[in-house]
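The values are calculated or read from the model by the stated rules, or taken from the named source; none is laboratory data. Values in this document were obtained by computation on a predicted structure and should not be read as measured data. Using ideal geometry, Cβ is built from the backbone for each residue, glycine included, and neighbour counts are taken over all protein chains shown.
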Amino acid sequence: MQALEDFQSPRAYKFVQTAEQSRLLLEFFEGKTVREYLEKEDNEKKREHVVYEMGRLLARIHDAECPEPLVSKQPWVHRMLQEAQYNLIHYKVDGNQQLLKQLQKQNMICRKEVLIHGDYTIDNVLVHDGRITAVIDWSGGTCGDARYDMALAVRFEDGIFTGKDSVFF
C-alpha cells in the first residue's frame, strides 16, 4: 500500500452545523469536471488521455492505505445492503423488496476491501489544462469494494463517452 502524497483532495477550512443544515467551506481547485471537459473537447486524443488518467488515478486510490477511521469490522457489502434496506423502507427508490432479498441471498464477496471514493464519477474528478487536478466529494469515501468505484466510473453516459470518432465505447 502507498500513500497518496501528490494526490489532491480539498482541504476543509470550516464546518458549521445548525438544526436545519450543515455547511462545509472547502479549498478551491482550478478546473472543470471531466464531464464538462469531455463535452467541450473535440480532440479525441486529449479526451482519451483524460479518461485514461482518470482510470490511473482510481487505481492509485485503490492502492492507497485506507485510513483507520474508515475501516469497519462489518464487510462493506453488508453495510450497503443494510443501507439499501433502510432506504427501501424510508424513501421512494428504484428497487423493491424482492430485488433486495435476491441481492442478500447472493452472498456477494469482496476479496479485499480497499480505499474507495464511493462516488467516483466524471462529475467528481477535476481537469485543468488537460490534466487531472483533483477529486472532490469524498462523502462516500470508505474502505470497500473497488468494483463499486469502477462501475460508477465507466457507467454509460450518452454523449460523453460516445461520439462520431469515439474510441471509448
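Identify, please: which residue in segment 35-68 is under 20 Å from residue 155 (Cβ atoms) and among the hydrophobic types (A, V, I, L, M, F, W, C) and is, among those, surrounded by the fewest Cβ atoms within 10 Å (Cβ to Cβ)?
Among them, the one singled out is 59.
Considering only segment 40-68, how many residues are charged (D, E, K, R), touching a strand residue (DSSP E or B) at 6+ places or on another chain (Cβ under 9 Å) and part of a helix (DSSP H, G or I)?
5
Residues that are under 27 Å from residue 57 (Cα atoms), within 22 Å of the chain's Cα centre (by Cα), at pLDDT below 95 and not aliphatic (A, V, I, L, M): does segment 83-104 have at least one?
Checking segment 83-104: not a single residue is under 27 Å from residue 57 (Cα atoms), within 22 Å of the chain's Cα centre (by Cα), at pLDDT below 95 and not aliphatic (A, V, I, L, M).
From the set of residues in segment 7-33 that are out of contact with any Phe, Trp or Tyr (no Cβ under 6 Å at 6 or more places or on another chain) and of a type in the set (A, V, I, L, M), which is surrounded by the fewest Cβ atoms within 10 Å (Cβ to Cβ)?
If we take residues in segment 7-33 being out of contact with any Phe, Trp or Tyr (no Cβ under 6 Å at 6 or more places or on another chain) and of a type in the set (A, V, I, L, M), then 19 is surrounded by the fewest Cβ atoms within 10 Å (Cβ to Cβ).
Counting just the residues of segment 110-132 that are of a type in the set (A, V, I, L, M, F, W, C) and more than 9 Å from the chain's Cα centre (by Cα), which one comes out modelled with the lowest pLDDT? Spell out how you get there, then give the answer.
To start, the set of residues in segment 110-132 that are of a type in the set (A, V, I, L, M, F, W, C) comprises 110, 114-116, 122, 125-127, 132.
Remaining after also requiring more than 9 Å from the chain's Cα centre (by Cα): 110, 114-115, 126-127, 132.
Working: 110: 89, 114: 97, 115: 96, 126: 94, 127: 95, 132: 92.
Residue satisfying both the conditions and the ranking: 110.
Name the pairs: first residue in segment 146-161 and closer than 22 Å to residue 39 by Cβ, second residue among the polar types (S, T, N, Q) and at pLDDT 95 or above, Cβ to Cβ under 8 Å, at least 6 apart or on different chains?
Filtered contacts from segment 146-161: 152/121; 153/121; 155/121.
Any idea which residue in segment 59-78 is nearest to the chain's Cα centre (by Cα), counting only those that are within 24 Å of residue 103 (Cα to Cα) and free of Cβ contacts under 8 Å to residues at least 12 places away in the same chain?
78
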